[in-house]
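The values are calculated or read from the model by the stated rules, or taken from the named source; none is laboratory data. Because the structure is a prediction, the values reported are computed rather than measured. Note that we place each Cβ from the backbone using ideal geometry, even for glycine, and neighbour counts take in every protein chain shown. The accessibility values were calculated without ligands, DNA or RNA, using every heavy atom of the protein model including side chains. Shrake-Rupley method; radii C 1.70, N 1.55, O 1.52, S 1.80 Å.
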Amino acid sequence: MDFFLNNAWVIAALPLAVSVTIAALAGVLRDRAWVVGAGGMLVTFLWSVVVLAAVVAHPHHAGEVFFNTEPAWHAFFHWADFGPYEMYMGFQVDNLTALMLPMITLVSFCVQLYSSAYLHGDKRIPRFYSAINLFTMGMLVLVMADNLFLLLVAWEIMGLCSYLLIGHWYEQAWPRYGQIKAFLTTRVGDVGMMVGIFIIFFAARDLTWAGLAEKVPELVKDPAMAGLLALGAFLLFTGAIGKSAQFPLHTWLPDAMAGPTPGSAIIHAATMVAAGVYLVGRAFMIYGWVPEWVLAVVAFVGAFTSLFAASIATLRWDIKEVLAYSTISQLGYMIMAIGLGGWTAGNFHLLTHAFFKALLFLAAGSVIHAHHHNQLLHKMGGLRKKIPITFWTWMVGYAALAGIPGFSGFFSKDELLLAAFTWHNSAVPEWAAKLPFIMALTTAFLTAYYMTRATYLAFFGKPRDEHLYEHAHESPSAMTIPLVILAVPAALFGWLGTPLFEHFTHAEWMVFIQNFLHLPGLEHHVEFSTELMVTGMATAAGLIGIFLGWYLYAVVKPESRAVWIARLKPVYSLLRNKYYVDEFYDLVAIKTTQATSRAIAWFDGAVVDGLVNLAGTVSVYASEVAAWFDKHVVDALVTMWADIARALGAALRRLSTGYVQQYMLTFFAMLVAGVVLVQVIR
């Protein structure tokens, strides 16, 4: 196993090699590109599993060592000097990385296998596989990077690849709009993140995780330096806001649905949107030491986003849009938990969410595939009998996301709520410290409600479009096998975090998991009665949401729902229009920019160009005047004096005859003229 651990760089290099190979041989591979893509990712997944096993066997166990000791494997090289400071870049594998690698590669493998059927016959399938492997490579480098700069490089690679994946069908308007919107919106956060990295480097003179973990606790003893690091940490968080679609930079994620569903699945599950949560979790050695207001901001942004997005999801009719807003909401949960100091809860939910959200997206793709690319819930219904494998795997993902006891989402969500319930922060009044828990509990209720609504509309009741229903059919095995694979961790992964499971096994790998999920120093001791009470409240919220969703759509008739909608028209319109955030951005950012551009264009054309043209015209007329003056005045004067000189010369030449008597006569005449002149002057 040590061989695989000591060559862990292969895990990132292999997807890159596959991406380049597919791009170079696109014309040869065509529809067979999936063999190279999925095959390469399967090897990468197996390598990751062995690396995880090697880390488990390593003497440095995560829970004991995450922030302060050497990782299980570390390779680096010198790459630049900035004045007296030497910069190093490298890869590392510690416990957090070791757990992330199999999760990322398994989801990517399932997505690529699924895509072989979903995109069969697509003319750009080699391009898709090349982009998705490069995309996966970006996330793998991100989690293996030993410093912030390399993380930023991987961060931008994923941004580029998401642009390519969302705009896969770029000849259509919506994908083009979606890819541009995603790219530009996330760049807003990235600019803040880059400034934050610069500030952190300015303060610590180091960007490696190990260096920051060592230096930050000493630096924050100086109040000025603590303030500077707080500003750097806050700006670093703006990158997470953009990448993980947190309010107010959340608007790009629903429009990213324009890309192929497998691309949406990987963007929403294990890779891009998870990168923001991973960044905040990985940089906790900074957040944990700077003034507490930074973590309070992180917590409230996450809590508000989770509730805000969940409320919008309740009225979406596009099945992929429901999942998109669900992703924003669940990412808010994770961000909130880390901001509350619940590092374990946030990362635990990141891992469980990756499996059940990838499962739900791929199952949604299977529904869309079966329903002849219809994505609208109000045209579905009764599909559970037509597509049983898709239905049952969807139900596993639904149960995990809705927080039904026994499924993985239940356990990780329970940890989140517990972190919110026990939160204390010196920068926040006591009454305000209860708000994240209230928002999180309300989100749990809404999540169960909108998922029940979507599930009922898609799979239960009578078919709402007989033509689509009659032609619906189960997806091919290349699509259903990944669903079954992902359903297993979606159902069971959460059990790894339970004390009950720990009680029955004391295996080394279980100790590793427990140490990871319950980091010493970051866990708050909670009375069992408190934990039981929070679990009961979370379960009750979920069950009420499930009951309400079932009651409104399975029992209440559409006419009665219409009456209630009419009574609640203002609230309905607000949610249906997503709080008018897009319209606000359209008014403030786009229309204002367009109006400003038009005003600048007018000023440029009418004023600047007018002044330039006026100056040109004046110059032309002035030149003509100068030319006339030069020709008729200057040249005339010069010519006049030349003529005078020539006349005088001619006159003098006539006097130069050589006769003495003539010279005497001339002298006499001049003398007479002189006398006369003197007399006149007198």
Pseudo-spin-label distance Arg682 to Ala626, built 7 Å along Cα→Cβ, given in nm, is 5.6 nm
Accessible area of region 32-158 with a 1.4 Å probe: how many percent of it is carbon plus sulfur? 67 percent
For Met87, list long-range residues whose amide hydrogen, built 1.01 Å from N in the peptide plane, is under 5 Å from its own amide hydrogen. Trp79, Ala80, Asp81, Phe82
Semi-axes in Å, largest first, for region 544-656 (Cα gyration tensor, √(5λ)) are 94, 10, 7
Quick one: net charge around Thr390, please, counting Lys, Arg +1 and Asp, Glu -1 for every other residue with C-beta under 15 Å from its C-beta. +3
May I ask you to compute the full-extension gain from Val484 to Ser560, defined as 0.36 nm times their residue separation minus their alpha-carbon distance, rounded to one decimal in nm? 23.5 nm
What does the highest-first list of 26-34, 397-405, 662-670 look like by mean Cβ count within 10 Å? 397-405, 26-34, 662-670
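For the chain, report the translational diffusion coefficient in µm²/s to the nearest whole number, using Stokes-Einstein at 25 °C, 0.890 mPa s, and a Kirkwood Rh over Cα pairs.
The diffusion coefficient I find is 86 µm²/s.
If DNA, RNA and ligands are ignored and the probe is 1.4 Å, what is the ranking of Val678, Val141 by accessible area, most exposed first? Each step should come with its number before you reach the end.
Values: Val678 70, Val141 15 Å².
Greatest to least solvent exposure: Val678, Val141.
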Using a Förster distance of 60 Å, how high is the FRET efficiency between His378 and Trp431, based on the Cβ-Cβ distance and rounded to 0.05? 0.90
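How do the peptides 604-613, 121-130 rank, highest first, by the average count of neighbouring beta carbon atoms within 10 Å per residue? Can you show the working numbers first?
Values: 604-613: 10.7, 121-130: 19.2.
Those peptides, ordered most packed to least, come out 121-130, 604-613.
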Mind checking the angle between helix 435-459 and the chain's longest principal axis? C-alpha axes, 0 to 90 degrees, to the nearest 10. 80 degrees
Approximate spin-label separation Asp222-Ile644, in nm, with each point projected 7 Å along Cα-to-Cβ: 8.2 nm
When all protein chains stay in place, what accessible area (Å², nearest 10, 1.4 Å probe) is found for Ser426? 100 Å²
Residue-normalised accessible area of the chain, expressed per residue, 1.4 Å probe, Å²: 44 Å²
Provide the gained length on full extension for the span His471 to Phe76, in nm with one decimal, where the gain is 0.36 nm per separating residue minus the Cα-Cα distance. 136.5 nm
Restricting to DSSP H runs of at least four residues, report the calculated mean residue ellipticity at 222 nm for the chain, -39500 (n - 2.57) per run over all residues, nearest 500 deg cm²/dmol. -23500 deg cm²/dmol
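Taking 0.36 nm per residue of separation and subtracting the Cα-Cα distance, what length does fully extending Val28 through Tyr663 add?
Extending this stretch completely gives an extra 217.4 nm.
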Starting from the Cα gyration tensor of region 139-209, take the square roots of the eigenvalues, sort them a ≥ b ≥ c, and report rounded, prolate or oblate (rounded when a/c is under 1.5, otherwise prolate if a/b is larger than b/c, else oblate). oblate
Met479 neighbourhood, Cβ < 15 Å, K/R = +1, D/E = -1, net charge -1
Can you give me the % of accessible surface on region 264-362 that is carbon or sulfur? Probe 1.4 Å, all protein chains present, nothing else counted. 74 percent
Ser326, Ser619, reordered so the largest accessible area comes first (probe 1.4 Å): Ser619, Ser326
Angle in degrees between helix 528-550 and the longest Cα principal axis of the chain, rounded to the nearest 10: 80 degrees
Taking all protein chains together and a probe of 1.4 Å, list Arg205, Arg453 from the most accessible to the least accessible. Arg205, Arg453
Degrees between helix 343-370 axis and first principal axis of the chain (Cα, 0 to 90, nearest 10): 90 degrees
Report the net charge of residues surrounding Glu218, where surrounding means a beta-carbon distance below 15 angstrom and charges are Lys +1, Arg +1, Asp -1, Glu -1. 0
What distance in nm separates the two pseudo spin-label positions at Arg653 and Arg598, each 7 Å out from Cα along the beta-carbon direction? 7.8 nm
